[in-house]
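For reference, the structure discussed in these notes is given below.
Derivation of every value follows stated rules applied to the coordinates shown; laboratory data play no part. Keep in mind that this is a model prediction, so the values were computed, not measured. Positions of Cβ are generated from backbone atoms using ideal geometry, with glycine treated the same way; all protein chains shown enter the neighbour counts.
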Amino acid sequence: MLRGPAPPHPVGARYCCTARLRGPQSGHPSQIKTMVKIGEKAPDFSKVKAYRNGRFVDISLHDYKRKWVVLFFYPRDFTFVCPTEIREFSRLEHEFEKCHAVILAASTDSEYSHKAWFEKDLPEVEYPILADTTQELSRAYNVLGADGASQRGTFIIDPEGVLRWMVISDNSVGRSVKEVHRSLQALQTGELCPVEWEAGAKTLGKA
């Protein structure tokens, strides 16, 4: 997906995720919901408020332009399935780091909600938790639910900012973090990887 110019008068905007086209009849620029696509630029974002390890920080995608990025969305703080996934990403964070990848999490809760929940129940988590309070980030990645919560979307973005892998699932089913890691390793080979491929196994040659 190509990043379009920002709207002229954004209200509370902190993201750069909106494309602008001219409407076919009015001739005036209008905002449209764009689709994220594999092999195209991932939606950009800048200075999103986040909670990380006891403090509030601003997170931009370009901060990680020389790294792989694993961005995952979860529905809400203080829920039941979400902490199981968040803990598993935390447990495997060093494995992702070995792949020169960073983990970013996001929900539409505020940074203050994140702080209250993570300090109480998830103190071991060290990666940033983005506060998508304007819902623009979730909308840009097409994971915004009708209830205003993010769906369980997972995205792997390469060092060039290109979206290489994504999965969006029903909120009742927790994702497999090991599968996300396996897919990251497979992408990094630059080769054709067959079903159930694991790191160190034979590939099918150059992609």
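Couple of notes before you dig in:
- Counting only DSSP beta bridges whose two residues both lie in the range 36-189, roughly 70 percent are antiparallel.
- A simple spin-label model places pseudo-atoms 7 Å from Cα toward Cβ; at PHE78 and GLU191 they are separated by 5.0 nm.
- When each of LYS67/LYS202; LYS65/LYS98; LYS37/LYS65; LYS98/LYS202 is checked by Cα-Cα distance, pairs over 23 Å: LYS67/LYS202
- Positive-pole candidate from GLY54, LEU104, ILE38, dipole of the range 36-189, charges at beta carbon: ILE38
- Shown here for the range 36-112: chymotrypsin sites (Phe, Trp or Tyr not before Pro) in loop regions (DSSP other than H, G, I, E, B) with at most 12 other Cβ atoms within 10 Å, namely PHE78, PHE80.
- The calculated FRET efficiency for the pair ASP58 and ASP121, based on their C-beta separation and a Förster distance of 35 Å, comes to about 0.90.
- If only the Cβ of Lys and Arg carry +1 and only the Cβ of Asp and Glu carry -1, the dipole of the range 36-189 around its Cα centre is close to 260 debye.
- Sites listed here are chymotrypsin sites (Phe, Trp or Tyr not before Pro) in the range 117-192 whose DSSP assignment is loop and whose Cβ has at most 11 other Cβ atoms within 10 Å, and the list is empty.
- Kirkwood-based Rg to Rh ratio, the range 86-207, C-alpha trace: 0.99
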